[in-house]
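Since the structure comes first, as structure tokens, the remarks are kept for the end.
The values are calculated or read from the model by the stated rules, or taken from the named source; none is laboratory data. Since this is a predicted model, take the numbers as computed values, not measurements. Please note: Cβ atoms are built from the backbone with ideal geometry, for glycine as well, and neighbour counts cover all protein chains shown.
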Amino acid sequence: MEKYLINPNQKISTINKDIYGHFSEHLGRCIYEGLFVGKDSPIPNVNGMRCDVVNALKEMGIPVLRWPGGCFADEYHWKDGIGPLENRKKMINTHWGGVVEDNSFGTHEFFELCRQLGCDAYINGNVGSGTVQEMSEWVEYMTFDGLSPMSELRKQNGRDEPWTVKYFGIGNENWGCGGNMRPEYYAYEFNRYNTFVRDYDSINKHIYRIACGPNSEDYDWTERFMKTARRHMNGISLHYYTVPHGWDGRGKAAEFDENMYYVTVTTAYKIDKIIQNHVEIINRHDPDRRVDLIVDEWGTWFDVEEGTNPGFLYQQNTMRDAMVAGLTLNIFNKHSDRIRMANIAQLVNVLQAVVLTDGEDMLLTPTYHVFKMYKDHQQNTLLGSYLTSDTLECEGLTMPKLIESASMDENGVITSTIVNVSLDETKEVKCQIADSEVKTVKAEILTGAMDDHNTFDDKDKVKTAVYTDFEKTADGFTAKIPPCSVVKFTITK
């Protein structure tokens, strides 16, 4: 039996709600068809936003949304997406499928979506093909409450009050699709662009500035960039995709064998060490810990579904994806002292989506159910915890079979989430909560075969259920955690 210790006296850090953030790019059917159908669509909508998708995302507990990219951000010119629809410029989306982008979803529509979702806004600015003036004027347009050319333009377009921009990214993947820059060159560009991202209400509306950080294990980028620009940012981004066997061997999203499953989960687990290594570099250049780590692109990346546009990145979502989501969110919780925000890629119909749509129809993926299970961690206090576990090894990668995290809310209620990545072993766990007399324990579970997934003909094949295979003890519980499962315990003392 594995020993699981939770110490409510060891309060480590606040799990920022924005660790559970999401990402929406002008890519495939994420925005158009997925989130936005237009006011004249027969699909039920409010101001063009799909009611079914919006309601599902609200129920999931979406805290923050990143837009408009991604690679698209560094070819996006915001003035093309404001004003009367018939006057908006059309463009070719060169990154994603070569389709026409008609800019019918722009700044006003994005903030309307955030309003309906009740979430905060994370805007990514254009460094790769834009100008300092363009970025500066966009911030003015969105946030200035006084008399200026951009605030007057916003009012002409129907919005008198400014919006709140919580986060602003100065470019995206500038080491690649955002300009193929060296870290020192991007650092100088970051400092220049960032200077003109004004706080028009510096007391109440300080914009949190995010610099383009490394891709995956590129520690050299972090070292060289932090050395040059460490004093001028609030956060630095990290992108890490779970790509089994590399970009040429990703395999299918819903058809895979046990070896590919284990390659996937062990590759996902690598993010724990990658975070540790980047944080060590950041801390060395920023000993006061002013600069946070922002994991604003993460998730699984497999081959697109057959018969779909390869530039649309549409893939199915199985219990394997749920396991990646569960173990990754537990890791983020454990690093919440240095991670301020994370954004899974992407929200609807793209990569590791939480929602898939087909015309008027919609389904929730296994990943959706993990996020909904975990939402009680948001703004909780991370507790010290330790769970013994044997390990699995696959093609040189090693990880524990059980990955957990525990947190406590302001009323002393403890949320514990445990992932069992083994495909054939039920793990018995004995949990003890230090200096506590446990009153009640409730639990829910998400489990199934590794390739189980929801389809439009069977939307509920994978869904959460009440979990009862545990026994409360005086100071905790004992439980049997099934193979390929995510289990959430709610404990009152």
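Annotation note: of Met399, Met373, the sole residue that is within 22 Å of Tyr261 (Cβ to Cβ) and assigned to a strand (DSSP E or B) is Met399.
Residues in the stretch 200-230 that are without any contact (Cβ under 8 Å) to a residue 24 or more places away in the chain and not polar (S, T, N, Q) were compared, and the one that is surrounded by the fewest Cβ atoms within 10 Å (Cβ to Cβ) is Ile203. When the stretch 267-307 is examined, which residues are found to be surrounded by fewer than 20 Cβ atoms within 10 Å (Cβ to Cβ) and farther than 29 Å from Glu395 by Cβ? Correct list: Asn283, Arg284, His285, Asp286, Pro287, Asp288, Arg289, Arg290, Gly307. If you go through the stretch 289-319 and pick out every residue that is assigned to a strand (DSSP E or B) and within 23 Å of Leu446 (Cα to Cα), you end up with 4. The residue that is surrounded by the most Cβ atoms within 10 Å (Cβ to Cβ), counting only those in the stretch 368-388 that are within 27 Å of Asn349 (Cβ to Cβ) and among the hydrophobic types (A, V, I, L, M, F, W, C), is Val370.
Yes or no, residue by residue, for (1) assigned to a strand (DSSP E or B); (2) crowded, with 20+ Cβ neighbours inside 10 Å; (3) without any contact (Cβ under 8 Å) to a residue 24 or more places away in the chain:
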{"residue": "Asn55", "(1), (2), (3)": "no, no, yes"}
{"residue": "Arg66", "(1), (2), (3)": "yes, yes, no"}
{"residue": "Gly69", "(1), (2), (3)": "no, yes, no"}
{"residue": "Phe72", "(1), (2), (3)": "no, yes, no"}
{"residue": "Asp80", "(1), (2), (3)": "no, no, no"}
{"residue": "Gly97", "(1), (2), (3)": "no, no, no"}
{"residue": "Asn103", "(1), (2), (3)": "no, yes, yes"}
{"residue": "Phe110", "(1), (2), (3)": "no, yes, no"}
{"residue": "Tyr122", "(1), (2), (3)": "yes, yes, no"}
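One residue stands out in the stretch 421-461 among those that are out of contact with any Lys or Arg (no Cβ under 6 Å at 6 or more places or on another chain) and among the hydroxyl-bearing types (Ser, Thr, Tyr): the one that is surrounded by the fewest Cβ atoms within 10 Å (Cβ to Cβ), namely Thr440.
Among the residues making up the stretch 311-341, those that are surrounded by 24 or more Cβ atoms within 10 Å (Cβ to Cβ) and hydroxyl-bearing (Ser, Thr, Tyr) are Thr318, Thr328.
Assess whether Val354 counts as being closer than 24 Å to His95 by Cβ, surrounded by 20 or more Cβ atoms within 10 Å (Cβ to Cβ) and at pLDDT 95 or above.
Details: closer than 24 Å to His95 by Cβ: yes; surrounded by 20 or more Cβ atoms within 10 Å (Cβ to Cβ): yes; at pLDDT 95 or above: yes.
For Val354, the condition - closer than 24 Å to His95 by Cβ, surrounded by 20 or more Cβ atoms within 10 Å (Cβ to Cβ) and at pLDDT 95 or above - is met.
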